[in-house]
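Derivation of every value follows stated rules applied to the coordinates shown; laboratory data play no part. Note that the structure is a prediction, hence the values are computed from the model and not measured. Backbone-built Cβ (ideal geometry, glycine too); neighbour counts: all protein chains shown.
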Amino acid sequence: MFPLASRCRPREQEAINTFYSDELAFPISHFKVGLRLPLWPEIHQILKYYGAVPAQLNSNSIAMMVAFACFLRRERIEFNLTFFRKLFSYKATLDVSPTSGAHS
């Protein structure tokens, strides 16, 4: 499940947030929700678009990306970043105007 060169942090004399220029951090919980190395191209593109690294995201976000990539692969649909952005940026709005009946 983990690459051969992986190791757990921190070692003696290191803080939990000690990183070196040739390393990336991945919370173990991300692997439990389906993240695998090397990163799938779809997940890499999503992270690159948002300028994020996996350690900045919670496990639910990673699970959504993995599930989306799995769905596309299963259905043989080509990955489309615009589709991903629209699908996961949907925001429900609540009409609370006096005529909507929401305050009755």
- [ ] Return Glu42, Glu12 ranked ascending by Cβ neighbour count within 10 Å, so the fewest neighbours appear first.
- [x] Glu12, Glu42
TODO: For the stretch 78-86, take each phi angle, set θ = phi - 60°, evaluate the Karplus expression 6.51 cos²θ - 1.76 cosθ + 1.60, and give the result in whole Hz per residue in order, putting x for glycine and proline.
DONE: 5, 4, 9, 4, 4, 4, 4, 4, 5
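Which net charge results when you count Lys and Arg as +1 and Asp and Glu as -1 among the other residues whose beta-carbon is under 15 Å from that of Asn80?
Working: positive: Lys48, Arg73, Arg76, Arg85, Lys86; negative: Glu42, Glu75, Glu78.
Residues close to Asn80 contribute a combined charge of +2.
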- [ ] Sticking with the crude label model, points 7 Å out along Cα→Cβ, report the distance from Asn60 to Ser29 in nm, one decimal please.
- [x] 1.1
Task: Estimated FRET transfer efficiency when R0 is 25 angstrom, pair Phe79-Val53 (beta carbons, to 0.05) - done: 0.80
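For the stretch 25-90, which chymotrypsin sites (Phe, Trp or Tyr not before Pro) are both in a DSSP coil and crowded by at most 11 other Cβ atoms within 10 Å? Intermediate values should be presented prior to the final figure.
Details: sites: Phe31, Tyr49, Tyr50, Phe68, Phe71, Phe79, Phe83, Phe84, Phe88, Tyr90; in loops: Phe79, Tyr90.
The qualifying sites are Tyr90.
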Task: HN-Hα J in Hz across the stretch 24-39 - Karplus 6.51, -1.76, 1.60, θ = phi - 60°, x for Gly and Pro - done: 10, 10, 10, x, 4, 4, 5, 6, 5, 9, x, 5, 9, 10, x, 4
Task: Neighbourhood charge, 14 Å Cβ-Cβ cut-off, centred on Phe71 and excluding it, Lys, Arg +1 and Asp, Glu -1 - done: 0
